[in-house]
1. Counting only protein heavy atoms and using a 1.4 Å probe, what share of the accessible area of the range 649-738 belongs to carbon plus sulfur, as a whole percent?
2. Rounded to the nearest percent, how much of the accessible area of the range 1204-1251 (1.4 Å probe, protein heavy atoms only) is carbon and sulfur?
3. Mean shadow of the range 753-841, computed from the convex hull of its alpha carbons, in nm²?
4. Work out how much length Glu832 to Gln1233 would gain on full extension: take 0.36 nm times their residue separation and subtract the Cα-Cα distance, in nm to one decimal.
5. Could you sort out which of Lys809/Lys845; Lys503/Lys569; Lys672/Lys772; Lys672/Lys795 sit more than 19 Å apart by Cα distance in this structure?
6. Rank by packing, highest mean first: peptides 139-150, 1087-1098, with packing defined as the count of other Cβ atoms within 10 Å averaged across residues.
7. Compute the length gained on full extension between Lys748 and Arg274: take 0.36 nm times their separation in residues and subtract their Cα-Cα distance, giving the result in nm to one decimal.
8. In whole Hz, with x marking every Gly and Pro, tabulate ³J(HN,Hα) for the range 1134-1143 from phi via Karplus 6.51 cos²θ - 1.76 cosθ + 1.60, θ = phi - 60°.
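The values are calculated or read from the model by the stated rules, or taken from the named source; none is laboratory data. Everything numeric here is computed off the predicted structure, so don't read it as measured data. So basically every Cβ, Gly included, is an ideal-geometry build from the backbone, and we count neighbours across all protein chains shown. SASA here: full protein model, heavy atoms, side chains in, ligands and nucleic acids out. Shrake-Rupley method; radii C 1.70, N 1.55, O 1.52, S 1.80 Å.
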Amino acid sequence: MGPNTPRRISTVTSENVLISSVTLACRFMLFSVILQEWLEAADSRAELFRYLKEQVPQIFCLKKESSPQEEEELMQSRLFLPLECFLFGEDPQEGLEKLKQGSTSSQLCGRVFKEGETVYSCRDCAIDPTCVLCMDCFQDSVHKGHRYKMHASSGGGFCDCGDIEAWKIGPCCSKHDPGSYSCTLKNMSPPEIYGRAERLFRILLHYVTDFLVWEENLELSAELQPRTKDNAYYCVLYNDEHHSYDHVIYTLQRSVNCDQAEAQTHTGRRAVKRGTLRSCQQARDLIRVNTSPLRVEILHAAVMAHQTFVLRLGPWFQKVISYSGAAILITILAFCQVALETNADGDQPCLISRLMLNDGRMYKGARKIVHELVFCSMLMETEFKKLFAIEFTKYYKQLQKDFIIDDHERSISITALSVQIFTVPTLARQLIEEGNVIKVIVGTVMELLREHLDNNNRFFFLGYNSDKFSRIQIIFHDLRYILISKPSVWTEELRREFLEGFKVFLGLLKCMQGMEEVKRQFGQHIAVEPEWEAGFSLQIQLRHILAMFQDWCSSDDEILLLAFEECHKVLMQCNNQSFHREATNYYMLKHILHVCPYKVSQEPVSIHLPISRLLAGLYVLLCRTGAERFDHTLLAEHPLRCVVLAAQVSAEMWRRNGLSLVSQVYYYQDVKCRDEMYDKDILMLQIAASKMDPNHFLMLVLLRFELFDYFKGSMNKDQWNRLTEEMLYLLIVIIGERYVPGISHVTKEDVTMREVIHLLCIEPMAHSSLVKGLPENESHETGLETVITKVATFKKPGVSGHGLYGVKKERLVDFNPFFYHYSRSQHSKAEESQKKRRTHEGHDKALCPPVPPAFCPAFSSIVRLLSCDIIIHILRHTLQRAAEDRATHWTEAMIQRVFFSFMKPIYHNSQSYKLFCFCGFCDINVCFVLPGIGSEHGKSVFLLLSKIKAVPSLEAQKDMVKWVLQVEQGIVLRSVTDLLLFQSVQDKEKAERKRKAEAAKLHRQKIMAQMSTMQKNFIESNKMLYDNMPETGTQGGDCAMEHRELCVAIGPHRGSSPAEREVLTCILCQEEQEVAAQAPAMVLTACVQRSTVLTQCRGRIPTNRADGTGTSYPLFMPPELAVGTHTGSCGHVMHATCWQKYFEAVQNMTRNRLHAELIIDLENGEYLCPLCKSLCNTVVPLIPFERLMFNYNLNSLRLVVFRRKFSDSIVEMLVVCATTVHRVGLQTAPNEQCPRVPLMAWNTCAFTIQAIGTLLLAFIYKLFFLLNGVRVVCFCQVGLVLSIPALYQEEAVDLQPSAVSSAYNHLHILHLVTMAQMLQVLLSSTGTNHNTIHPGSLTEGPLIPDVSGISVAERVKRGIEPFLRCAALFFNCLTGVQPPEELFSTAGQMEALCSYLALPSNVFQLFQEHREAVTPLWCGSPAVTKALKGKNPTVRYPRRRNRLIDLPEDYSALLNQASHFQCPNSTDDDRKHPTLCLFCGAMLCSQSSCCLSQLDGEDVGACTAHAATCGAGVGMFLRIRECEIVLMASRTRGSTYPAPYLDDYGETDPHLGRGNPLHICPERYRKLNQLWQQHCILEEIARSLEVVNVMFAFEWQML
């Protein structure tokens, strides 16, 4: 069960005691008699126990009901205060102040990390990755400006600030400067205080230890036995990690008859029932029946009381030890000496060892107390840390055995402390010398894995326990910790113990050598896939350990030689080596090979060869001393078998062996394993090739590839072609791959640089992709940062995606198409990419091999492979089969590999061209007619090439063939000077072609300019022809004036609507239809949702109910816009009938889909747009513009309005839309007859227009810029159509206003509303400077008359401009009148708005025109009177434009904020998930049972409850420790979204997996803000869920 830490009452954690000093002094006098008895008693233990047995039961567990505060006060005053008085011998505060004088604080921080807490590691200064800092120390350290990483702690560690062995520079922050702590520890301890501390700690530590490992649940010891034993018992439940949280709650409800709220409090170790022994036994039996094997015990009340007090003593110990000044020196010294002392006989372990050995039997809360005590005492001082490490190593095997059978995670196991002691370099050396910790660790692993050994003493993991095996693998971490820092100075003791441990380690590798052999399956497919994951898991764990052992050996020549000999000795002893078979002679071209027969395809073979690979690594380190006495044929045998196995799997010869073998070969060559598997096998083959006769080596390769007979002329088989490809590829790799330190003179930086180049030759990659493609060292570093700027250029990301690195053009010469770390798919992609690049640059497609570095002297003889008989025979044989042009005898890949082998040797034929040679030809006089072969053979090869050139199937290789033939004909130059001259000629030709192209371009431009001039001259000379042409625009100025006059959207002078017909295409049936009033309805997909985007009072959402009991009426939107109803559309049009059929089909199909209900809610009428998959829940019918036609006469102006009635289809869709708006907006059941239906249509129209106006102002600043009017016209027409009947319809009479009266009415209403808006602006204005008050803020106070008229006019103008913008949008979408050009710009819009809305440019003139109608009514209004007197708070206009909260630029600031977050409803130490609301900035505790609340009778998490009040159900939260955005739209629907924080490489870091420093990206945060402002959160969630295609819903309501 997750939250199983017992609830702990908060204790005093600082030196400031909660009780006042006066009270303490009085109580000190009361306890003086008791303290005197304790001090003078011969047996202080008996006196103290006598006091505890009386006081402890009275405070804990004897009362049925006791508040935590009462227990806390009694415990402080009656238990801890006497103990502190005994410790100091006086008033604790006075004694503490005396000790503080002249003392210094500890240099070490020692902050213990909780699970999930953010920690920092400096990549530049840390000795190893385990050296970390807490947030506070990191912020005050020099490492903040370095390359650092941050990640979430798994718990159990502590801050390394102040540890000089953990950091290269800057070991201390400003708070923990080095003091005189370690050198004055004993000198600063007053004898009398130290004596009392030692006596007190000895008694209390025995007391704590006895009760933490107590096994007698019903009885106490004689010293603590109460005088009268009560019949009071507790049934105690111990949670574990196997049972779920809900399961335990359900069991408790059934067993002890408690409600759910009470059951939720029973976490960790809790008493679930108090009563008699019989009743507690019944409760125990019921719990065991329901939740077997949950641990349930019955404890006597007195036992329970003492155990509870023991749990409180742990924090008290920490408080006493953490006292600043000299007290910490005294308490640590006394505590550690008592904890580490043994009894006189020595037959019992010390107290700290007893606690460690019983760690697996303790519950979680007790373990945490013990671990924290160790952190704050043993690990804070070097000498005691050493003694503790010795004790830990002494019982290491038993501790690991207990951990294996434990059900808790390693973070709360005592074994997790190994990282604190094994990673200290000096301590690790000492443990090797004195305790041979390497032997102890490896021996522990061997003992735990012994059950998996077969008869041949090799591991066989059939039917293994995965949980147990994963725990065993954790032990390898300790071995890596020990080896993480190699010694700079070797002592004889260190050499002896290291070699002893190395021999034991070789014993482990011996059990892995040849394990899990596979044999090719014939006939039928394998029935059961064998277990293979365990073997590779071991290999992955040993990957860095093997490299560390080699690194240690390389630091001392004596150790290196002894380790190599021991490794070779063990390799010869392995019983899976087939060295004792009878050897056979094999003949080819007069060469004889004497070797044992073996076929990979017929006999068992293993992919696990750790000893062979370790030997190869040691050989490269030892090659300077030589190792010639070994049989290299035997050493190369098994690595060659492994490579052949991978080749045969690639050739699909092992298909019947299933996917398990394919997976093994994949990991064999994958970046996670290849450096200690595939790469070491290649290395061993290179060693053999350098020492063996080249013809013999090639014959051995042909034999193991089973191609020996094939190249002797046997019949061809399809699989032989694939095997030939793999064999030629292996030869290319052996000869050409030299980027290994020791094989050639290269550095690790050169190796990394080459890896990066080849990864980027596939495609441009992000930094994280490059890191994944590179091998990590033991410090989890790839070295990418040191080389990336040398080989690649960086392209910054946009508002989406991530930054990409592209390889520099000058580095493309290092590209090798047969790079040995390419997979088959990567090889194809890289080759295709580079051929496209060369074609684009105008080059041929021949991909020449790069110039490699020269071999080291010990490996220079590898190049002899290219001058031997067998290689020429292989190449000629392959080309001859291709020349025959028989498709079954060859493949294009074979020929490509042959050409690749040819190209570089052909480059040069003299020793003078050593700089350009490829395969070590610097030591051989190379020409294509190779020495010792004869010119006839060379000529025959070129004849074959001439034939191959004409083969149609090799069209893709024609450039390579052409190049080789040109060399033979002497076209390729033979000297460096000639080569440079040839390149110079090519460059001149390119420059000449470029010059000609530019000249042609200039010539064309000149001709076009001449033609333009001639055209102008012709127009000037024939001007009369153009003047006589009919043109409607001759009166340009008059027409402009007329156009300006017609740009009026309202009133009797309204301009005309667009006359063109509107014909749209249905996205479903693709048929066109005109939008007409009497035509079948065309509908827009739309989504209606509640919104708080415009709210001026976030967090206060009024209730709207259909029964009229709500707090606001939907017709009159309150000025604070607490919540509104927004209607949006993606703009896709359908026939109403097509939509109805589609909607029915969606409902029927969704019910049959398992996960579809997670995306759309059928009950709420949701569906996805057929075209763009936007989430929708209604449709809006399209209605044409209301057209007006003006007839101008001399004496009158007649206005003609075309009135229409709508078809039944349009009316039906209007009802559908309005009903949805009513249902969603008021959160009520659908009701077409409700009088609020038309009012809610007006409501959503008004709110949507305001939202669009605010959005345009916030992001575009142009009113009609890129505005899709069809989106808004629907909303407006819904309000218009549904509102007019409500205003003009009576039961018996259908009144329709005339056209002229309707126009004047509209204008008059606009005037009145505009004046009302101006009055609101005036009433919300105060005498305060306008610039100092935020728009939209609530203001109080009367209107001050002493304000200048200019200031008032400016305020009114600024306040009503948003209203006028919304009115312009409304009437534009209603009438379709074209707005003036000024409204398409960003400046001077006020005058244009007034003109477009038929308002006077000076809006104050409206009050003069309507004074008689307005003054009596408005001046006598009580609301106006109260506003003038400042009694009512008003909203300042213009309203505040909402946006997401401001986030800090550095993400570590957010992490710091989260680290100080305290859940208001919890006091335990369980990991919390601090979550930040981006709407209002509230910090919440998400996904935690402590913050559950009720929402409409349902339990919901803190985020869900907050979203209901802050965003009307919509939420946008930043989970700080996970570094991801959570979008929420309802209780059951949500999704994650990338956080707007990027690292220096333009990538996000979800869950802080990479740990790079993060900084905010303003563009991405602006996009998030726009996502919210555009009401697209719901749509984004739906799209995300559609892509993820989840099978089971996440409980978003519990977030």
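1. Details: 1270 of 2740 Å².
For the range 649-738, the apolar C and S fraction of the accessible surface comes to 46 percent.
2. On the way: 1090 of 1920 Å².
Carbon with sulfur: 57 percent of the solvent-accessible area.
3. Numbers: hull surface 26.4 nm².
Its average projected convex-hull area is 6.6 nm².
4. Details: separation 401, 0.36 × 401 = 144.36 nm, distance 6.76 nm.
The Glu832-Gln1233 span can extend by a further 137.6 nm.
5. Details: Lys809/Lys845 16 Å; Lys503/Lys569 11 Å; Lys672/Lys772 9 Å; Lys672/Lys795 28 Å.
Exceeds cut-off: Lys672/Lys795.
6. Values: 139-150: 17.8, 1087-1098: 22.5.
Put in order of decreasing packing, that is 1087-1098, 139-150.
7. Working: separation 474, 0.36 × 474 = 170.64 nm, distance 6.75 nm.
That pair, Lys748 and Arg274, stretches by 163.9 nm at full extension.
8. Coupling constants for the range 1134-1143: 9, 5, 4, 5, 5, 5, 5, 5, 5, 5 Hz.
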